[in-house]
Amino acid sequence: MNSKGLRSGWHLMFLVVLTCVGSLIAQPLVNPDTESKIDALLGKMTLEEKIGQLNQYSSTFDVTGPAPERGSSRERYEQIRNGLVGSMLNVVGFEATRRAQELALGSRLGIPLVFALDVIHGYKTMTPTPLAEAASWDLEAVEASARLAAREAAAAGLHWTFAPMVDISRDARWGRIMEGAGEDPYLGSVMAVARVKGFQGSDLSAIDTIAACAKHYAAYGFAEAGRDYNTVDISEHTLRNVVLPPFKAAVDAGVVTLMNAFNEIGGVPATVSSHLQREILKGDWGFNGFVVSDWGSIGELIPHGVAEDLSDAAHQAIIAGSDMDMEAGAYVAHLADLVRSGHVNQHLVDDAVRRVLRVKFALGLFDDPYRYSNADREKQEVLSEKNLAISRDVARKSIVLLKNEKGLLPLNKDSGTIALIGPLAADKDAPLGSWRAQAVTDSAVSLLEGMQAAVGSGAKVLHAEGAKLITGPRSFVTPSVYNTDDRSGFPEAIEIAKQADVVVMALGEDAWQSGEGRSQVEIGLKGLQLELLKEVCAVNSNVVVLLMTGRPLVIDWLAENVPAIAVVWHLGSQAGHAISDVLFGDYNPSGKLPVGFPHHVGQQPLYYSHKNTGRPNQQPIVFWSHYTDAPNDALYPFGHGLSYTKFEYSDVKLSSATLGMDGEVEVSVTLTNAGDRTGSEVVQLYVRDLVGSVTRPVKELKGFQKIELAAGATKEVTFTLSAEDLAFYTRDGEWKAEPGKFKVFIGTSSTEVKEADFALE
Ligand code: BGC
């Protein structure tokens, strides 16, 4: 038997096992009525039509215009008409989706297309980038934001978003860190659930919900040296304990699709990982939806060096459980031959098609393939007042106050002079962030506009750009070029800084500095920004820096020399208003970092939940785990974020010093708002498992509660822990908790905590 035969033979046995395991797990996607409809449909489909359902193309021709005359566009057009395309991405809007759907419905069996788009943080009304939103630690707000995106996208004819990205990332050099929920698997899991619920709602067939897609399965965020698409080589231990939990949480929350990843893990590209897709996802987790490849990732198996040609790539991908082929054209070109020649078992194709059809049935497309496209709803929904208000709300909740010496913030909006300086101050584009779907360029409320609206005829706002950040075009596909020599705006900026009572500096990253393909080895303030800041600080000591950014930045100089710093990320359409709400105290900041800000780029990857190592303790000699030229810890750690009020924590109380394997223990603190204004605090609970069969992190987030308290008010905050919360992937390869001693910590960040001890028995 040749290698192709071997792979499919092995697979058949495996599929039988899978089917038995899968059927034990109740999945909402699967119901007898739909399954029998799918059986009937499969019975009518030719092999080519089945494979067509597994073929996804991006829009390459104007679907609203006349049919293309020749070339690959014409070929794709004909394929849709012949039922050889199951899904399209990047076809957007009422008109275009309707016309493309008409084309598909004209095919022999008239199976509707499913339309997808990267609706990552909004369709046209932009909400904060996902990393920013994770800083809100506000699950309701995050769910509302995803729901808003779903409403707009669905009204514009879309059925499916390639979101949420649930990749854990601990390396700010990786540009796509902006697209996930940061460094922590627990926060990542609850954010994944909030987003899946937001997109999918409780009824996928409702006209205002869309299918979600947890991506990139798996470990895309662990690219070596933070370089996008680079090799990943992590252990099963890290895979199970850190990478997979958010995917598992999304599956348990009912996500109907997953996207696999460009990267390899330990020599096996994720796209052909049976371990990930067959064993874990469709086997252990009982996932009944479908897996889409990442863009062309089946074709990339050739440069990866694991497939000889596209046919070999298609063969390996279908066996490994990649159900839909995005843009490689591998399945549509080769799968039929592979089946006919006996290299791929027909059951594998049927299983993949069944999964795709399940989602189409669940979306209600067989009842009414046009149910999503609605010109009136599109007009009413997109950029509605309601949606803009939701965007502003989640935006202000996402702002993180890093530092506020001398109570410099909030600013007075009724009197005095404020100088607003910096390349991002009047920028109407940067706040839209990367991955902006259908957002209109330059459509965000700039900080300058927001501040002017907030002060009205009160405080005087002077504005100067100081220095440009980017020279040349800003584009999704080309690299950014930074201004390193044009200082012609400096004198005006220095002049207004001298005149002002306080200076607000808008610094950081342009929208296109982070996102796909935008890894960087330097993650500080690019161009002339730091130089400008230093000159401003020399003439005015009341400086507030607002950092617009997609990723954590290295800001050591700022931390030492600037009295107030807030991270304002890329906050979306209403950015300027949301930032002004915090700047002037109309909203008391409550965000907390979902990823630490390092002292130095050389610390990457950096995360609070590290292992202790065998040499953790500081020593007079050099032989302990540290850098000789930088600290080990973050400058601003995971979970850090200040408020304009002050919260005080009592000692930690436990309902019992022991926890039984089937029992629960209550862990509580008394939280007091000891300041003079109402505020919200994210109370964070961490644990440390002191001795395990494998090494355990020094701290792991296990819960949090966002509590609003009036000035002077006090509240008892209680968490309930059970053995399940303490489970991990053990040395025996089981997911379980091990008895022994634990520490539990409660506090305002991952480093400022109070602790207590208990034992799991
Ligand atoms: C990205 C995916 C995205 C896809 C479709 C790829 O390059 O990695 O996250 O969903 O393109 O646009």
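The values are calculated or read from the model by the stated rules, or taken from the named source; none is laboratory data. What you are looking at is a predicted structure, and each value in this text was computed from that prediction instead of being measured. Reconstructed Cβ throughout: ideal geometry from the backbone, glycine too, with neighbour counts over all protein chains shown. Heavy atoms of the whole protein, side chains included, go into the accessibility calculation; ligands, DNA and RNA do not. Shrake-Rupley method; radii C 1.70, N 1.55, O 1.52, S 1.80 Å.
Numbers for the structure displayed
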read-out	value
The listed residue being under 19 Å from residue 434 (Cβ atoms), touching a helix residue (DSSP H, G or I) at 6+ places or on another chain (Cβ under 7 Å), aliphatic (A, V, I, L, M) and not assigned by TED's automatic domain parsing to the domain that holds residue 126, out of 536, 568, 582, 543	568
Residue that is nearest to residue 598 (Cα to Cα), among those in the range 195-232 that are away from the ligand (no atom under 14 Å from the Cβ) and among the polar types (S, T, N, Q)	231
Options 344, 359; residue that is within 27 Å of the chain's Cα centre (by Cα), in contact (Cβ under 8 Å) with a residue 24 or more places away in the chain, open to solvent by less than 60 Å² (accessible area, probe 1.4 Å) and not assigned by TED's automatic domain parsing to the domain that holds residue 437	359
Hits in the range 249-288 - residues which are more than 16 Å from the ligand (Cβ to nearest atom) and assigned to a loop (DSSP other than H, G, I, E, B)	253, 254, 266, 267, 273, 285, 286, 287, 288
Pick from the range 467-480, criterion farther than 18 Å from residue 525 by Cα and within 26 Å of the chain's Cα centre (by Cα), ranking: most open to solvent (accessible area, probe 1.4 Å)	477
Single match in 36, 87, 72, 59 (criterion: open to solvent by less than 70 Å² (accessible area, probe 1.4 Å) and over 15 Å from residue 115 (Cα atoms))	36
Residue match in the range 345-355 (condition: under 21 Å from residue 106 (Cβ atoms) and more than 16 Å from the ligand (Cβ to nearest atom))	yes
Residue check for residue 192: buried (at least 24 other Cβ atoms within 10 Å of the Cβ) and either under 17 Å from the mean Cα position of the chain (by Cα) or within 14 Å of the ligand (Cβ to nearest atom) (or both)	yes
Positions within the range 114-135 being within 16 Å of the ligand (Cβ to nearest atom) and either without any contact (Cβ under 8 Å) to a residue 24 or more places away in the chain or assigned to a helix (DSSP H, G or I) (or both), in sequence order	130, 131
Conditions (1) over 23 Å from residue 117 (Cα atoms); (2) surrounded by fewer than 24 Cβ atoms within 10 Å (Cβ to Cβ); number of the one not met by residue 288	(1)
Among residues of the range 553-594, those that are part of a loop (DSSP other than H, G, I, E, B) and under 13 Å from residue 398 (Cα atoms), counted	14
Selection count where residues are part of a helix (DSSP H, G or I) and either more than 8 Å from the chain's Cα centre (by Cα) or of a type in the set (D, E, K, R) (or both), scope the range 178-187	4
Count of the range 485-501 residues which are open to solvent by 90 Å² or more (accessible area, probe 1.4 Å) and within 37 Å of the chain's Cα centre (by Cα)	2
Meets criteria (β-branched (Val, Ile, Thr) and within 16 Å of the ligand (Cβ to nearest atom)) for residue 111	no
Test set (1) over 29 Å from residue 280 (Cβ atoms); (2) among the aliphatic types (A, V, I, L, M); (3) away from the ligand (no atom under 16 Å from the Cβ); (4) not in a helix (DSSP H, G or I) - residue 92 fails condition number	(3)
Residue 162 open to solvent by less than 10 Å² (accessible area, probe 1.4 Å), farther than 19 Å from residue 608 by Cα, within 16 Å of the ligand (Cβ to nearest atom) and in contact with a Cys (Cβ under 6 Å, 6 or more places away or on another chain)	yes
Strands (runs of 3 or more DSSP E) fully within the range 382-494 counting 1 or more residues that are touching a His at 6+ places or on another chain (Cβ under 8 Å)	400-404, 417-421
Test for residue 294: is it assigned to a helix (DSSP H, G or I) and either modelled with pLDDT under 95 or among the charged types (D, E, K, R) (or both)	no
Filter result (among the β-branched types (Val, Ile, Thr) and assigned to a helix (DSSP H, G or I)) within the range 495-509	496
Residue identified as crowded, with 17+ Cβ neighbours inside 10 Å, touching a strand residue (DSSP E or B) at 6+ places or on another chain (Cβ under 7 Å) and on the phi > 0 side of the Ramachandran plot among 437, 464, 430	437
Every pair of residues 6+ apart whose Cβ atoms lie under 6 Å, when the first sits in the range 510-538 and is in a helix (DSSP H, G or I) while the second is within 16 Å of the ligand (Cβ to nearest atom)	511/433; 511/434
Test: residue 173 is within 16 Å of the ligand (Cβ to nearest atom) and either touching a Lys or Arg at 6+ places or on another chain (Cβ under 7 Å) or open to solvent by 10 Å² or more (accessible area, probe 1.4 Å) (or both)	no
Matching residues, the range 296-310, being surrounded by 19 or more Cβ atoms within 10 Å (Cβ to Cβ) and within 22 Å of the chain's Cα centre (by Cα)	297
Conditions (1) modelled with pLDDT under 95; (2) more than 17 Å from residue 566 (Cα to Cα): number failed by residue 440	(1)
Count of the range 399-417 residues which are touching a Lys or Arg at 6+ places or on another chain (Cβ under 7 Å) and either open to solvent by less than 20 Å² (accessible area, probe 1.4 Å) or farther than 13 Å from residue 504 by Cα (or both)	1
Filtered residue count, the range 596-650, keeping only those that are exposed (fewer than 12 other Cβ atoms within 10 Å of the Cβ) and touching a residue at least 60 places away in the same chain (Cβ under 8 Å)	0
Candidates 71, 86, filtered to the one that is over 30 Å from residue 182 (Cβ atoms), within 16 Å of the ligand (Cβ to nearest atom) and out of contact with any His (no Cβ under 9 Å at 6 or more places or on another chain)	86
Which listed residue is acidic (Asp, Glu), within 16 Å of the ligand (Cβ to nearest atom) and open to solvent by less than 10 Å² (accessible area, probe 1.4 Å), from 167, 184	167
